[in-house]
Amino acid sequence: DYDGDLTVSATYLMANVPLYERLTMVGGVRFEETAIDIVLDPEEEARWFKPGFPGLIELNPGDGDASISDKATLPALTFIWDATDSLTVRTAFARTIARPTFKELTPVLQQEFLGGPIFIGDPRTGLSELENYDLRLDYTPYAGGLVSASYFIKDVTDPIEYVQRAQPFDYTTPVNYPEGRLSGFEFEFRQDL
């Protein structure tokens, strides 16, 4: 058993600034504070797979507890260009963070159903930092219709990935890799009815 607590406090400032007749800048910054605490309540003679140690060892009070305290300044900047009455181009940059879940932080054997895959969290798992870049084209051929295409890139520092480990049995656990990148396209079609 464990008790988990997550507190996120944030304040943000944002400004919408028309630069020219068809060009607008939206900029801002978010100040965010994260506190995650997990305290295990081990039963008598409980054992665990301590990260980095082979085999089961005794789980004493305080072992496997997790704590994350972070303050982040997260800027964002978007430019919106109304190229024509029906075509809008948007470019955006934003910094964000991704937090590990209680499941990812808690070194407790977790199994969704008997015989299913086993997951064991790692209290050393940390936050991920992301730099997000987006380019989006919105085309409104007529009132109520929208065709949109966008391309995005996310550069991630310390991304949380799942890996397989083997002890007396196989299980999945999270780790922070040094870096990662996501990129892709998104397409959207909308029609008012």
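The values are calculated or read from the model by the stated rules, or taken from the named source; none is laboratory data. In this text, all values refer to a predicted model and were calculated from it rather than measured experimentally. Positions of Cβ are generated from backbone atoms using ideal geometry, with glycine treated the same way; all protein chains shown enter the neighbour counts. Just the protein is used for accessible areas: all its heavy atoms, side chains included, with ligands, DNA and RNA removed. Shrake-Rupley method; radii C 1.70, N 1.55, O 1.52, S 1.80 Å.
Okay, here's what the table says:
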{"item": "Point-charge dipole on Cβ atoms (K/R +1, D/E -1) for the chain, about Cα centre, debye to 20", "result": "820 debye"}
{"item": "Solvent-accessible heavy-atom area per residue, rounded to whole Å², over the chain at 1.4 Å", "result": "65 Å²"}
{"item": "Summed side-chain charge close to Glu58 - residues other than Glu58 whose Cβ falls under 14 Å, Lys, Arg +1, Asp, Glu -1", "result": "-2"}
{"item": "Carbon + sulfur, % of accessible area of the chain - ligands and nucleic acids excluded, 1.4 Å", "result": "55 percent"}
{"item": "Reachable aspartates and glutamates from Lys71, criterion Cα separation under 18 angstrom, eight or more residues apart if same chain", "result": "Asp5, Glu32, Glu33, Asp37, Glu129, Glu131, Asp158"}
{"item": "Protection proxy ranking, peptides 91-100, 182-191, average beta carbon neighbours within 10 Å, highest first", "result": "91-100, 182-191"}
{"item": "Separation between Cα centres of the range 39-67 and the range 80-117, rounded to whole Å", "result": "30 Å"}
{"item": "Residue-averaged [θ]222 nm for the chain, counting only DSSP H segments that reach four residues, each worth -39500 (n - 2.57)", "result": "-500 deg cm²/dmol"}
{"item": "Extension gain, Phe113 back to Asp1 (0.36 nm per residue minus Cα-Cα distance, nm)", "result": "38.5 nm"}
{"item": "Integer Hz, Karplus 6.51/-1.76/1.60 couplings in order for the range 92-99, x for Gly and Pro", "result": "8, 9, 8, 9, 9, 10, 10, 9"}
{"item": "Options [x] -0.47, -0.72, -1.10, -1.32; [y] -0.30, -0.55, -1.18, -1.68; [z] -0.52, -0.78, -1.12, -1.34 - which one matches log10 I(q)/I(0) by the Debye sum over Cα atoms at q = 0.09, 0.12, 0.17, 0.20 Å⁻¹ as calculated here", "result": "[z]"}
{"item": "Amide H contacts under 5 Å for Leu59, placed H, 5+ residues apart", "result": "Ala46, Arg47, Trp48"}
